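Colleague: Below: one structure in structure tokens.
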Amino acid sequence: MANLQNTKRRIKSVDATKKITKAMELVSSAKLRKAKQSYEESIDVRDFVCNDLASAVYEIAKEASMLEYITENPEAKTLYIVIASDMGLCGGYNSNAAKEAFNDSKKGDCFILVGKKTQPYFMTKNAEIKNVYSNITKNPEFYSAYYITKEAIDMFQSGEVQAIKLVYTKFINSVSFEPRIYSLIPVLNPFDDMSTPFDNTTDPEYLMKHLMRDFVNSNIFTAIIESRVCEYASSRMAMENATDNANELKDKLLLEYNRARQANITQEITEIVSGADAL
């Protein structure tokens with residue numbers, strides 16, 4: 001009888017957990033729809049702006065012999081800007097981004113973390129964490145990326161780092177997304193040639209100062225938007241899997257409960273029959 005009561009309590013506990021995970025799944029689905037809409041509205045503009053800025057920066061740096069902006073150096077100290085989440089319960093979303101960044105890095109590199117959930121991972125690796133920005137990914141605004149941009153560019157221009165990489169999660173579809181690494185510095189030209197030739201009458205240092213800021217800021221902001229879609233999609237999948245697991249566990253416990261109850265009934269009938277035979 002005690003075993004029956006214990007199984008019954010476990011069934012109630014699983015039921016309560018299932019209600020929570022189902023509610024969280026519905027919340028994540030609603031957030032995903034909203035985030036996906038924002039992402040789809042911005043993706044065309046993002047690709048156009050970021051690619052044109054990259055091409056402009058590349059051509060200006062080449063023409064003005066500012067080679068530090070466009071020259072790759074595998075030994076350069078690199079700053080990684082890692083975009084993740086401030087929340088948990090979203091599957092491997094946070095850990096995948098953190099691992100992608102750390103596995104790509106080398107000794108001496110440093111990290112700026114956008115979203116605090118990856119901080120414990122980098123601390124266990126004794127990584128150099130320059131800053132942690134929280135409460136940005138939930139409701140991203142364009143100016144939110146400015147402070148990250150300023151810190152990163154200041155580190156580059158002071159010579160503290162010689163390269164900057166952006167680590168974010170690329171959205172493929174609602175069930176498929178993967179971490180990506182994008183080089184902010186050195187800048188890679190996405191086109192063979194610029195559509196507009198470089199104007200040599202303009203001060204290249206002035207142009208680089210403003211274009212580089214806009215280029216980095218645009219990439220960080222749009223990466224936050226795309227990563228947020230992946231976060232909600234991952235969270236929805238995690239809660240859906242948790243609900244499915246709760247249903248499976250409940251079915252097993254119900255089977256266990258019914259078998260135990262049937263065994264008790266059979267034992268009681270056997271004892272009654274045995275008692276009647278004894279009379």
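The values are calculated or read from the model by the stated rules, or taken from the named source; none is laboratory data. Predicted model, so just to flag it, every value in this text is computed and none were measured. Counting neighbours? That spans all protein chains shown, and the Cβs are built from the backbone with ideal geometry, glycine included. Accessible surface areas use protein heavy atoms only, side chains included; no ligands, DNA or RNA. Shrake-Rupley method; radii C 1.70, N 1.55, O 1.52, S 1.80 Å.
Colleague: So, taking all protein chains as they sit and a 1.4 Å probe, how much accessible area belongs to LYS117, in Å² rounded to tens?
Modeller: 100
Colleague: Could you please report the charge total around TYR147, scoring K, R as +1 and D, E as -1 over all other residues with beta-carbon less than 14 angstrom from its beta-carbon? Could you put the intermediate results ahead of the total?
Modeller: Values: positive: LYS130, LYS150, ARG213; negative: GLU141, GLU151, ASP154.
Residues near TYR147 contribute 0 overall.
Colleague: From the backbone phi of the range 124-131, what are the Karplus-calculated ³J(HN,Hα) couplings (6.51 cos²θ - 1.76 cosθ + 1.60, θ = phi - 60°) in whole Hz, Gly and Pro given as x?
Modeller: 5, 8, 6, 6, 7, 9, 7, 6
Colleague: Looking at the chain, identify the longest residue range that excludes and avoids all GluC sites (Glu not before Pro) in DSSP loops having at most 16 other Cβ atoms within 10 Å. Mind dumping the intermediate values first?
Modeller: On the way: sites that count: GLU72, GLU75, GLU141, GLU160.
Between exposed loop sites, the widest span is 161-279.
Colleague: OK, next. Sum up the charges of everything whose Cβ sits under 11 Å from the Cβ of SER29, counting Lys and Arg as +1 and Asp and Glu as -1, but leave SER29 out.
Modeller: Working: positive: LYS22, LYS31, ARG33, LYS34, LYS36, ARG236; negative: GLU25, GLU240.
Local charge sum for SER29: +4.
Colleague: In addition: At a 1.4 Å probe, what is the % contribution of carbon and sulfur to the accessible area of the range 1-152? Walk me through the numbers on the way to the answer.
Modeller: Details: 4500 of 8670 Å².
With neighbouring chains kept in place, the figure for the range 1-152 is 52 percent.
Colleague: Turning to a different aspect of this structure: Within the chain, what percent of beta bridges assigned by DSSP are antiparallel, to the nearest 5?
Modeller: Values: 9 of 24 bridges.
Once the DSSP bridges in the chain are tallied, antiparallel ones form about 40 percent.
Colleague: Contact order normalised by length for the chain, with contacts defined as Cα pairs under 8 Å and 6 or more residues apart; what percent is it? Walk me through the intermediate numbers first.
Modeller: Working: 384 pairs, mean separation 89.1, N = 279.
Rounded, it is 32 percent for the chain.
Colleague: Could you state how much accessible area LEU255 has, in square angstrom rounded to the nearest 10, with a 1.4 Å probe and all protein chains kept in place?
Modeller: Solvent-accessible area, nearest 10 Å²: 90 Å².
Colleague: While we're on this one: Non-local amide H neighbours of LEU184 (under 5 Å, H modeled in plane, Pro and chain starts lacking H): which ones?
Modeller: Sorted by chain and number, the residues that satisfy this are ILE164, LYS165, LEU166.
Colleague: Taking a probe of 1.4 Å, how large is the accessible area per residue of the range 1-113, in Å²? Display every interim value, and only then the final one.
Modeller: Values: 6260 Å² over 113 residues.
With all protein chains present, the range 1-113 gives 55 Å² per residue.
Colleague: Got a sec? What order do LYS250, LYS106 fall in by accessible area at 1.4 Å, biggest, i.e. largest, first? Walk me through the numbers on the way to the answer.
Modeller: Values: LYS250 50, LYS106 75 Å².
Sorted descending by solvent-accessible area, the residues read LYS106, LYS250.
Colleague: Let me ask something additional. Taking R0 as 41 Å, what's the FRET efficiency between GLU75 and VAL175 from their Cβ-Cβ distance, rounded to 0.05? Show your work: numbers first, answer last.
Modeller: On the way: r = 39 Å, r/R0 = 0.96.
With a Förster radius of 41 Å, E is 0.55.
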